[in-house]
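Reading through the structure tokens given below for one structure.
What follows is calculated from the coordinates using simple rules that are stated; it is not laboratory data. Predicted model only: the values in this text are computed from it and were never measured. Here the Cβ positions follow ideal geometry from the backbone for every residue, glycine too, while neighbour counts run over all protein chains shown.
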């Protein structure tokens, strides 16, 4: 196959990948979009085989490895529970990162195959591109591993900080640039390996100071990095499909990070520098003076909701942890039978990754046209009888609007306090992730339901 | 004077960033999780580099260090391609509109 024809096919896959993302603009077209993505990938892999044209023993090996990886991937995709989606995505990002490192290594060791020159005499431009691809890939790899461990709960979600941390990261970043420069000048392979090792270290150092609830930003950011790594390798291999995809994924991750940061009213750098959301002892002890709370049970909650005209459900990470989405849908079904109008309100940073709550509700067969984003539904709280807050906390805290001293001041929140009554399912009165007390607990129209989210919801169903 | 092919690739890259920017802003927020899993799957198109690296060389020395790294990359990328597209499909299949409401 001629190089030009090959390039045209890669361009076609690139376009199909664009259409795959375009399809996600609505759930209606999304399934078709995913199909475009699969076709694009099949074309890219197919023409690569044809272009190499080496249908010998090697071909069988490649096909074998493809099947091994593919079946492992398919197995994971079918087995994984929806609540584990954040860890899965983090894990997948680490694989893209490591694959980029490996491809860069083979290009460095055997540059002739990729027309990049010969070992010890690789084209400078290619050397720069592959170093960047390998470095970003390595950062993505170890960074995603740390994110995975934190999301899985194997590693504590609280930030790990030490003196001079940011200075160290900056120094390592500068050393990396210096090493890439020396690598280009000397072509000595030691520098190449050092670049990869330091990048692995940087990946770890970048993610450890970031706390558990900032994970939506971290995952989006690593998503973006995996794209830039792919683009770097795309330049090295002079492959259009890879360059287009890398750019798409890179900007997609960057936009998601931006949306997540805006949902918390924090700057990207504030999140990246980390340290937020540590167990801030001072603020929790300050609220020691017991304020009166109204304590309710499942019976009260069922009574309130049964007699309401409209109910808005506000889910948060706690719902995912308790796996309460199916019980919640059942509760809503019986409410609907009683003629209650029920909708769902989702805050942009609810959960541990962008869109986390939507997927869980979809899994529980909640129709997506009953689920609304913050801007769409926020005015409806004023006309709603009951707000049922399940597993959310900071995103409902009115302090964000009233107290300029508060760490979450300015964060857009769901105006839950405007509804006639608020049912707040929570295990205890402990402050949320931001380490601050939620004013909503002590309001007259708030009824606290102290229990596990799933258990409480099931008890309410019994009382309906 | 001839233009370096690198400049053409750079143009594709920059324009694709802009395409990505506009396309991703039009993605509905409720599909942000599938967006992440599908971008993950498509970025594994890096497998083309791995295949070229894996198939390099003569029949005899197919287990050269460079080839082995290529093979490892093929496995990793294949996990992502199949895993990413299938899990996206599984998620998207769950998004249903309100239909039979009693």
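Taking one quarter of the surface of the convex hull spanned by the alpha-carbon atoms of the range A:362-443 gives a direction-averaged projected area of 6.1 nm².
Pairs of Cα atoms nearer than 8 Å and 6+ residues apart set the relative contact order; for chain A it is 14 percent.
Could you work out the relative contact order of the range A:1-82? I mean the mean sequence separation of Cα pairs under 8 Å and 6+ apart, divided by the number of residues, in percent. Normalised by residue count, the contact order of the range A:1-82 is 28 percent. For chain A, the normalised intensity computed at q = 0.06, 0.09 Å⁻¹ comes to -0.33, -0.69 (log10 of I(q)/I(0), Debye sum over alpha carbons, equal scatterers, no solvent).
When both the range B:63-102 and the range A:447-464 are represented by their alpha-carbon centers, they are found 37 Å apart. Between helix A:215-237 and chain A there is an angle of about 20 degrees, using the helix long axis and the longest principal axis of the Cα atoms. Over the protein assembly as shown, what is the percentage of antiparallel beta bridges among all DSSP beta bridges, to the nearest 5? Bridges in the protein assembly as shown that DSSP calls antiparallel: roughly 10 percent. Rounded, prolate or oblate: which fits the range A:58-131 when a ≥ b ≥ c are the square roots of the eigenvalues of the alpha-carbon gyration tensor, with rounded for a/c under 1.5 and prolate only if a/b beats b/c? It comes out oblate by the Cα gyration axes.
Counting Cα-Cα pairs of the range A:1-160 in 5 Å increments starting at 0 gives whole-percent bin shares of 2, 8, 10, 13, 20, 19, 13, 9, 5, 2, 0. With angles folded into 0 to 90 degrees, how steeply does helix A:57-79 sit against the dominant principal axis of chain A? Use alpha carbons for both and round to 10. Once rounded, one gets 0 degrees. P(r) tail, the range A:190-251: Cα-Cα pairs separated by more than 16 Å, 57% of all pairs. For the pair the range A:253-267 / the range A:386-422, the C-alpha centres are spaced 19 Å from each other. Entry note, chain B: relative contact order of 29 percent, from Cα contacts under 8 Å with a spacing of 6+ residues. What is the Cα centroid distance between the range A:80-116 and the range A:294-360, reported in whole angstrom? So the separation of the two Cα centres works out to 39 Å. With a Cα-only, solvent-free Debye model of the range A:156-206, what are the log10 I(q)/I(0) values at q = 0.22, 0.28 Å⁻¹? For the requested q values the scattering log ratios are -0.79, -1.04. Each peptide in A:154-166, A:223-235, A:405-417 gets a packing score, the mean of other Cβ atoms within 10 Å over its residues, and the list from highest to lowest is A:223-235, A:405-417, A:154-166.
Taking the longest Cα principal axis of chain A as reference, the axis of helix A:85-109 is set at about 10 degrees.
For the range A:402-464, the extents of the C-alpha atoms along the principal axes are 43, 24, 19 Å, listed from largest to smallest. Over the C-alpha trace of the range A:89-240, radius of gyration and Dmax come out as 15.9, 48 angstrom. On a per residue basis, the convex hull of the C-alpha atoms belonging to the range A:174-279 measures out at 101 Å³.
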